[in-house]
Amino acid sequence: MASAPRPLDGITVVSLEHAIAAPFCTRQLADLGARVIKVERPGVGDFARAYDSRVKGLASHFVWTNRSKESLTLDLKQPGALAVLWQLVARADVLVQNLAPGAAARMGLGYEALRQQHPGLVVCDISGYGEDGPYRDKKAYDLLIQSEAGFLSVTGSSEAPSKAGNSVADIAAGMYAYTGILSALLLRNKTGEGSHVDVSMLESLAEWMGYPLYYAFDGAPPPQRTGASHASIYPYGPFQAGDGGTVMLGLQNEREWKLFCEVVLQDAAVAVDPRFASNAARSEHREDLKALILAAFATLSTQAVLERLDQAQIANARMNDMAGLWAHPQLAARRRWREVQSPAGALPALLPPGRASSFDYRMDPIPALGEHTDAILRELGLGDAEIDALRQGGAI
């Protein structure tokens, strides 16, 4: 029985991509059924292929962001390879690129030039700072954008700022590129015209910084770095149990505070202690309250603390590590794991977030470097002799 149609079936995406932001965007387009042709440098490929070898010899970043794609190798400095790219773009619905600033335009792949020949094309440029402005030509890596966007200033301990443990700026940009492309395709259905989507990593992460921005509105002091605790609500954050495990909990109001003292701490008197009688007072005296909580938890296992918190209906979580996330019972119960093929064999992969009732997400193999080059060139009408010539010349 044929599978149900996917939202982006029939859409072709050509992507000049590397690292994370653009590959993360295009993988999600592929999840929805788009054909994604990933253009890579011959012999080297996307440099994220060499970040590590943690997944049966493959790189963890690459495995995460590149399933369901076709890999085409082209040396775009060579006229023959550039001619192939132009043929692909002529047939495409979407062009995505996150090359160095100005590189795509120098190859004639700027939006204004493309629009003249391909008015229906959606062009998405992903960069650190956008296509104009004084920072346009600055190099941008995830950590640098986390710094420029103020993320580091509110993340970490009071003694030291800390970056996020994953590529949060790249992920933010990839998500806004993804939604921008979807919006442009919807608009094209109404107007017949393509669009230019100019996504900046700085602007993407700045949007995610909305709360601390407004908290520091009009020169007010910004949120303090408080590690995994909350800057203005207490108790809210990590607490150690007697067996060495860490429990994360959060209180939102005075009703929960009273229940926390009665059920979890099993000491109702703490609730009316003047030092802790309001959230402001608890924040002011957080070290005293922390000592009380840790003393109560010291005789309990992590599971026992979680059970008391559940009994009191206090929001809580176990601080998982990666092994705990791989084995998370909720992911297993909702059957979120699938298997995808790769050059290293079958690998587990999470389904995209959002369980859809009308279609199945595409979960096709992770490509080897240049795996689809010959097939794509033949599709464009090139014969074996022409393909051999390109290969001999190093263009593919």
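The values are calculated or read from the model by the stated rules, or taken from the named source; none is laboratory data. Worth saying up front: this structure is predicted, and the values here are computed from it rather than measured. Cβ: placed from backbone, ideal geometry, glycine included. Neighbour counts: every protein chain shown.
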Candidates L88, L152, L74 - the one that is crowded, with 16+ Cβ neighbours inside 10 Å, hydrophobic (A, V, I, L, M, F, W, C) and without any contact (Cβ under 8 Å) to a residue 24 or more places away in the chain: L152
Selection within the range 309-322 - of a type in the set (S, T, N, Q) and either within 18 Å of Q252 (Cβ to Cβ) or in a strand (DSSP E or B) (or both): Q311, Q313, N316
Elements of type helices (runs of 4 or more DSSP H) in the range 147-226, at least 1 residues being within 26 Å of L8 (Cβ to Cβ) and in contact with a Pro (Cβ under 6 Å, 6 or more places away or on another chain): none
Pairs, first in the same structural domain as G150 (by TED's automatic domain parsing) and over 16 Å from H61 (Cβ atoms) in the range 162-180, second assigned to a loop (DSSP other than H, G, I, E, B) and modelled with pLDDT under 95, C-beta under 7 Å, six or more apart: S162/T155
Checking D125 against (1) at pLDDT below 95; (2) over 14 Å from M209 (Cα atoms), the condition it does not meet: (1)
The listed residue being of a type in the set (D, E, K, R) and modelled with pLDDT under 95, out of R378, R362, R355, R338: R355
Residue that is farthest from W64 (Cα to Cα) [pool: residues in the range 343-359 that are of a type outside the set (A, V, I, L, M, F, W, C) and under 21 Å from the mean Cα position of the chain (by Cα)]: R355
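When you scan the range 234-281, how many residues do you find that are outside any helix (DSSP H, G or I), among the aliphatic types (A, V, I, L, M) and surrounded by 16 or more Cβ atoms within 10 Å (Cβ to Cβ)? Can you show your working first?
Step one: of the range 234-281, the residues outside any helix (DSSP H, G or I) are 234-253, 265-267, 273, 277-278.
Narrowing the set further to residues that are among the aliphatic types (A, V, I, L, M) leaves 241, 247-249, 251, 265, 277.
Adding the requirement that they be surrounded by 16 or more Cβ atoms within 10 Å (Cβ to Cβ) leaves 241, 247-249, 251, 265.
Of the residues in that region, 6 qualify.
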Qualifying residue in the range 53-63 (condition: surrounded by fewer than 16 Cβ atoms within 10 Å (Cβ to Cβ) and under 23 Å from L121 (Cβ atoms)): no
Test set (1) outside any helix (DSSP H, G or I); (2) within 20 Å of the chain's Cα centre (by Cα); (3) exposed (fewer than 13 other Cβ atoms within 10 Å of the Cβ) - L325 fails condition number: (1)
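I'd like to know if the range 46-53 contains one or more residues that are of a type in the set (S, T, Y) and without any contact (Cβ under 8 Å) to a residue 12 or more places away in the chain. Even if it seems obvious, please write down each step before you answer.
At the first step, the residues of the range 46-53 found to be of a type in the set (S, T, Y) are 51, 53.
If we keep only those that are without any contact (Cβ under 8 Å) to a residue 12 or more places away in the chain as well, we get 51, 53.
The answer is yes; a qualifying residue exists.
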D267 farther than 30 Å from A113 by Cα, modelled with pLDDT of 95 or more and among the acidic types (D, E): yes
Residue among L331, L380 that alone is in contact with a helix residue (DSSP H, G or I) (Cβ under 6 Å, 6 or more places away or on another chain) and over 19 Å from P23 (Cβ atoms): L380
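So which of G130, G80 is assigned to a helix (DSSP H, G or I), surrounded by fewer than 19 Cβ atoms within 10 Å (Cβ to Cβ) and in contact (Cβ under 8 Å) with a residue 60 or more places away in the chain? Steps first, answer last, please.
Numbers: G130 fails: assigned to a helix (DSSP H, G or I).
After applying the criteria, what remains is G80.
Listed residues A173, A184; which is buried (at least 23 other Cβ atoms within 10 Å of the Cβ) and at pLDDT 95 or above?
Numbers: A184 fails: buried (at least 23 other Cβ atoms within 10 Å of the Cβ).
Matching residue, one of A173, A184: A173.
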G45 being more than 17 Å from A19 (Cα to Cα) and more than 18 Å from the chain's Cα centre (by Cα): no
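Conditions (1) assigned to a helix (DSSP H, G or I); (2) assigned by TED's automatic domain parsing to the domain that holds R255; (3) out of contact with any Leu (no Cβ under 7 Å at 6 or more places or on another chain), marked per residue:
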site: A291; (1), (2), (3): yes, yes, yes
site: E307; (1), (2), (3): yes, yes, yes
site: R338; (1), (2), (3): no, no, no
site: S342; (1), (2), (3): no, no, no
site: R355; (1), (2), (3): no, no, yes
site: F359; (1), (2), (3): no, no, yes
site: P367; (1), (2), (3): no, no, yes
